[in-house]
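Chemist: Handing you this structure, nothing more for now.
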Amino acid sequence: MEQLNRFEDIHLGFKKIDGTKIDDLENYIYSILASDKAKLADDKFKISIGTDSVFAPAKKGWSAVYISTIAFTYGNTGTHLILKKDIIKGDWSKERLDLYSRLWREVEMCAALATWMKETTNIEPEVHLDINPNKQYQSNKLFNAAEGYIKSLGFNVQLKPDAAIASCASDYYLNS
């Protein structure tokens with residue numbers, strides 16, 4: 001399995017929505033913080049992160065596509081999004097990827113990105129998880145563990161239906 005088992009490069013590969021590559025995420029974040037728009041938003045400025053994924057089976061193998069999104073929200077005056085795409089591929093004859101492993105990887109990617117951001121820029125983003133607290137959904141089985149894990153790292157966490165970055169922004173770019 002072409003797993004991204006280690007997350008030291010979690011900050012690499014981000015792009016603007018128009019496809020422009022971001023070579024240095026740390027400096028990019030600082031430039032957003034220094035912008036007039038962020039200054040005008042003041043205490044209403046917020047950074048949120050989220051990851052969503054989709055499983056794509058095929059005859060010879062499978063893939064899981066992950067989209068991680070960082071949202072810079074300027075209060076009520078708009079949001080600037082950047083994103084990155086990661087793909088994991090596997091071979092049916094050697095391994096499977098179940099729903100819970102795929103969803104837990106979303107949680108791990110959010111945790112790694114939030115931790116990188118906190119350690120690198122001293123900014124603590126809000127983490128949006130695509131996990132549903134409603135017991136009628138399968139992702140609910142990960143609800144307590146996922147929420148507890150992110151909170152144990154010191155981050156504020158939002159879950160469905162309030163996790164707009166994971167359940168809306170990342171989902172939109174995953175399915176477009």
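The values are calculated or read from the model by the stated rules, or taken from the named source; none is laboratory data. Worth saying up front: this structure is predicted, and the values here are computed from it rather than measured. All Cβ positions, glycine included, derive from the backbone under ideal geometry; neighbour counts span all protein chains shown.
Chemist: Tell me yes or no: at least one residue of the range 83-99 is at pLDDT below 90 and small (G, A, S).
Modeler: Yes.
Chemist: To continue, here is another question. Quickly run through the range 46-58 and pick out the residues that are more than 17 Å from L99 (Cβ to Cβ), surrounded by fewer than 18 Cβ atoms within 10 Å (Cβ to Cβ) and either modelled with pLDDT of 90 or more or not hydrophobic (A, V, I, L, M, F, W, C) (or both).
Modeler: Going through the range 46-58, the residues more than 17 Å from L99 (Cβ to Cβ) turn out to be 46-50, 58.
Okay, now just the ones that are also surrounded by fewer than 18 Cβ atoms within 10 Å (Cβ to Cβ), so 46, 58.
Of everything in the range 46-58, just one residue is more than 17 Å from L99 (Cβ to Cβ), surrounded by fewer than 18 Cβ atoms within 10 Å (Cβ to Cβ) and either modelled with pLDDT of 90 or more or not hydrophobic (A, V, I, L, M, F, W, C) (or both), namely K46.
Chemist: Something else about it: Across the range 1-38, what is the total count of residues that are modelled with pLDDT under 90 and exposed (fewer than 10 other Cβ atoms within 10 Å of the Cβ)?
Modeler: So the count comes out to 3.
Chemist: While we're looking at this one, here's another question. Sort through I131, I123 and tell me the only one that's in contact with a Lys or Arg (Cβ under 8 Å, 6 or more places away or on another chain), of a type in the set (V, I, T), assigned to a loop (DSSP other than H, G, I, E, B) and in contact (Cβ under 8 Å) with a residue 12 or more places away in the chain.
Modeler: On the way: I123 fails: in contact with a Lys or Arg (Cβ under 8 Å, 6 or more places away or on another chain).
On inspection, the qualifying residue turns out to be I131.
For (1) in contact with a Pro (Cβ under 6 Å, 6 or more places away or on another chain); (2) part of a loop (DSSP other than H, G, I, E, B); (3) crowded, with 21+ Cβ neighbours inside 10 Å, each residue gets a yes or a no:
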{"residue": "T69", "(1), (2), (3)": "no, no, yes"}
{"residue": "T73", "(1), (2), (3)": "no, no, no"}
{"residue": "I82", "(1), (2), (3)": "no, no, no"}
{"residue": "K94", "(1), (2), (3)": "no, yes, no"}
{"residue": "E106", "(1), (2), (3)": "no, no, yes"}
{"residue": "E119", "(1), (2), (3)": "no, no, no"}
{"residue": "K151", "(1), (2), (3)": "no, no, no"}
{"residue": "C168", "(1), (2), (3)": "no, no, no"}
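Chemist: Taking the condition of being of a type in the set (D, E, K, R), under 19 Å from T120 (Cβ atoms) and part of a strand (DSSP E or B), how many residues in the range 22-58 meet it? Before the answer, list the steps.
Modeler: Quick first cut of the range 22-58, residues of a type in the set (D, E, K, R) only: 23-24, 26, 36-37, 39, 42-44, 46, 52.
Cutting the leftovers down to under 19 Å from T120 (Cβ atoms) gives us 23-24, 26, 46.
Checking which are part of a strand (DSSP E or B) leaves us with 46.
Within the range 22-58, residues that are of a type in the set (D, E, K, R), under 19 Å from T120 (Cβ atoms) and part of a strand (DSSP E or B) number 1.
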